[in-house]
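K.L.:
Pasting in a structure now, in structure tokens, and then I'll have a few things to ask.
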Amino acid sequence: MAPRRPPSKGFALTSSLLTQRIRKASESRGFAQSRLLTHWEEVVGDDIAKIARPVNVSYGRQGFGASLTILTTGSNAPMVEMQKEQIRAKVNAVYGYNAISRVRITQTAPTGFAEGRAVFERAVTPKKAEPTPEIKAAAAQSAGGVKSDDLRVALERLAQNVLTKSQN
């Protein structure tokens, strides 16, 4: 039996595999930069991101800037309405120029209405268990012979993750 030949291109990052699809989906909604969708919490802050989501960017006929449509629940709409200018400034900082000239607020019901329902809370990721001192020592020993500091730290972290998972 012939030895198995590794693929010639090596491993590809998942993000590089999905970049094209994310760009295509976001451009269909008018978002020139998908970063606005994928990093919404970082752009506007946690307080706004918990109660509002970007829906659409539409461009006017005269080309004097675009309109950003934000979806929120009816009870949160007045709060988001009062912060429209701050949101617009933060979004324009992502684009690097005054791409958005208007922010529109669209309201939805918090429950019911299958099409209008929106979930604004992010799923909480469980915290990883802290490795024991024995696991840390074993990980440090396994990566001890590596001369590059960055690589050694990365290998220690990998070893800690593997040893912690195998312990559970």
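Every number here is computed from the coordinates shown, using simple stated rules; none is lab data. Treat the numbers as computed from the prediction; the structure is a model and nothing was measured. No Cβ is skipped: glycine too gets one built from the backbone with ideal geometry, and neighbour counts run over all protein chains shown.
K.L.:
Subtracting the Cα-Cα distance from 0.36 nm times the residue separation, let me have the gained length for residue 56 to residue 106 in nm, one decimal.
P.N.:
Fully extending the segment from residue 56 to residue 106 adds 17.0 nm.
K.L.:
List the trypsin sites (Lys or Arg not before Pro) within the stretch 125-164 that DSSP assigns to loop and that have no more than 14 neighbouring Cβ atoms inside 10 Å.
P.N.:
Listed in order of number, the matching sites are 127, 128, 147.
K.L.:
Quote the FRET efficiency, to the nearest 0.05, computed for residue 79 versus residue 161 with a Förster distance R0 of 35 Å and r equal to the Cβ-Cβ distance.
P.N.:
The value I calculate is 0.30.
K.L.:
Then there's this: Give me 67, 166 sorted ascending by neighbouring Cβ count inside 10 Å, so fewest comes first.
P.N.:
The fewest-first ordering by Cβ neighbours comes to 166, 67.
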